[in-house]
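The values are calculated or read from the model by the stated rules, or taken from the named source; none is laboratory data. These numbers come from a predicted model, not from an experiment. Cβ: placed from backbone, ideal geometry, glycine included. Neighbour counts: every protein chain shown. With ligands, DNA and RNA removed, areas are computed over all heavy atoms of the protein, side chains included. Shrake-Rupley method; radii C 1.70, N 1.55, O 1.52, S 1.80 Å.
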Amino acid sequence: MKIIADENMPNVKALFSHLGAVELVNGRNLTQEQVKEADILLVRSVTKVTRELLEGSSVRFVGSATIGVDHIDLEYLAEADIAFSSAPGCNAEAVADYVFSALSHLYMTKKIRWLKQKIGVIGYGNVGKTVYQRFARLGCEVCVYDPLKEKDHSEVNFVSLEQILSCDVISLHAPLTTSGSHPTKGMLGAGELSQLSPGTVIISAGRGGVINESALIERHKHLEGNLHLVLDVWDGEPLIDQELASIVDIATPHIAGYSKQGREKGTWMVYLALCEHLNKAASAVSQREATSAGWFSSLNLNVQRPHEEMLARCIQAIYDVARDDARLRFKYRENKESNVFDWLRKNYVERDEFNTCLIASTGDVSRLLGAIGFSVK
């Protein structure tokens with residue numbers, strides 16, 4: 001059995017080799033010729049899995065080590081009787097870590113005290129739910145907009161999009177859709193962005209295209225730069241709007257979910273799905289063994305500071321999003337790579353999730369650290 005796999009999937013050879021011969025490829029540039037003789041195709045979000053790619057091939061199973069499926073032609077897979085599995089929730093903790101690392105950066109650089117502000121979350125999938133729950137556990141005033149999920153979660157504080165736009169911090173985690181009753185493509189256009197108040201924080205870590213980037217630039221100008229912007233996803237990926245990148249506080253190349261453990265969990269989930277599809281036993285390796293321990297097993301707090309600063313220092317000890325921003329800006333200035341965006345993703349400096357680190361603390365500090373994702377003692 002021949003398995004074609006994206007070269008950026010961690011542990012793929014170690015896990016899948018007992019099932020067949022694994023060949024690693026550049027997922028962005030995958031061709032019909034490369035998959036023609038393959039039985040299994042394993043991808044990430046950079047690969048558009050379409051009729052044009054698969055028609056005439058021997059592929060019978062497609063696995064995507066991602067939470068989103070907007071890069072997959074599910075109708076064609078069903079028509080061609082090709083099995084499919086993704087990895088929902090695999091990087092939810094990583095993206096939530098990204099959101100809080102961004103807020104910590106804004107506190108440390110601009111003194112934005114976000115714990116007391118009103119938080120709005122757009123999208124209540126696995127990621128949006130994780131982000132929402134962390135804010136709720138922290139005791140923040142938090143609400144969410146997702147008309148497709150509202151009827152199924154009466155315990156959640158669902159509100160209208162207009163109410164979200166009045167929040168101090170808006171965190172976007174919606175999928176990119178162009179059809180249905182609530183398409184998200186361009187959901188935040190000029191009209192919606194005009195409702196943003198000066199000083200609003202926007203963190204976009206879902207899919208590019210949900211925000212109208214030209215309108216966002218114009219709103220930023222209208223408010224004389226008084227918007228705080230953190231963008232991980234871009235409408236034209238792998239190309240990014242350089243004017244927009246120049247005005248945001250944090251610019252990263254779609255790596256919010258790129259924790260080492262999150263990526264490993266994605267590979268593991270697809271591996272289990274393939275084993276089930278083939279009716280074969282999985283290897284003796286457990287998920288715990290298939291995901292890495294963190295660089296720092298524990299931290300000890302010596303001083304008490306304002307809560308935002310205390311959280312920021314702990315967060316940045318594990319993951320400082322400013323590192324990814326600085327690396328992106330440097331590589332674009334250096335301009336030595338033909339595709340900077342994908343080079344940064346392929347050569348990403350590994351980071352851990354907060355939950356890999358145990359922090360010894362007591363009282364309210366312990367509650368806050370646990371709420372934000374750390375293991376606490």
Discussion item. If I model a spin label as a point 7 Å beyond the Cα along the Cα-Cβ vector, how far apart are those points for ALA317 and LYS151 in nm?
Written reply: 4.8
Discussion item. 7 Å from Cα along Cα→Cβ at both GLU75 and ALA293: what's the point-to-point distance in nm?
Written reply: 5.0
Fill in: Additional length obtainable on full extension of the chain from LYS280 to THR109, 0.36 nm per residue less Cα span
56.3 nm
Item to complete: Could you work out how far helix 213-222 tilts from the main Cα principal axis of the chain, as a 0 to 90 degree angle to the nearest 10?
Response: 10
Item to complete: Using a 1.4 angstrom probe on the protein heavy atoms only, line up THR109, THR31 by accessible area, largest first.
Response: THR109, THR31
Item to complete: Treating the angle as unsigned and between 0 and 90°, give the value, to the nearest 10°, between the Cα long axis of helix 321-334 and the longest Cα principal axis of the chain.
Response: 70
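Counting heavy atoms of the protein chains only and a 1.4 Å probe, report the per residue accessible area for the chain as a whole number of Å².
Counting only protein heavy atoms, the per-residue value for the chain is 44 Å².
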Item to complete: Just add up the charged neighbours of ASN355: K/R +1, D/E -1, any other residue whose Cβ is under 11 Å from the Cβ of ASN355.
Response: -4
Worksheet, complete the sentence: segment 128-239: relative contact order from alpha carbon pairs under 8 Å, six or more residues apart, as a whole percent, is 22
Worksheet item: Expressed as a whole percentage, what fraction of the accessible surface of segment 237-306 belongs to carbon and sulfur atoms when a 1.4 Å probe is rolled over the protein heavy atoms?
Response: 51
Worksheet, complete the sentence: Between the Cα axis of helix 260-278 and the main Cα principal axis of the chain, the angle (0 to 90°, nearest 10) is 30
Fill in: Inter-probe distance in nm under a simple model that places probes 7 Å from Cα toward Cβ, at ALA21 and SER179
3.9
Worksheet item: Remind me, relative contact order of segment 214-297 in percent, using alpha carbon pairs under 8 angstrom and six or more residues apart?
Response: 23
Fill in: Rounded to the nearest 20 debye, dipole of segment 172-322 from Cβ charges on Lys, Arg, Asp, Glu
580
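Would you calculate a helix-derived [θ] at 222 nm for the chain, using -39,500 (n - 2.57) for each DSSP H run of n ≥ 4 and dividing by the full residue count, to the nearest 500?
Roughly -10500 deg cm²/dmol at 222 nm, from the helical runs in the chain.
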Worksheet item: So what's the net charge close to ASN302: Lys and Arg +1, Asp and Glu -1, counting the other residues with Cβ under 14 Å from its Cβ?
Response: +1
Worksheet entry | Subset of LYS48/LYS336; LYS36/LYS346; LYS260/LYS377; LYS116/LYS377; LYS2/LYS265; LYS111/LYS265 violating a 30 Å alpha-carbon distance limit | LYS111/LYS265
Discussion item. I need the calculated FRET efficiency for the pair LYS2 and GLN304, taking r as the beta carbon distance and R₀ as 56 Å, to the nearest 0.05.
Written reply: 0.45
Discussion item. Could you work out the relative contact order of segment 30-72? I mean the mean sequence separation of Cα pairs under 8 Å and 6+ apart, divided by the number of residues, in percent.
Written reply: 49
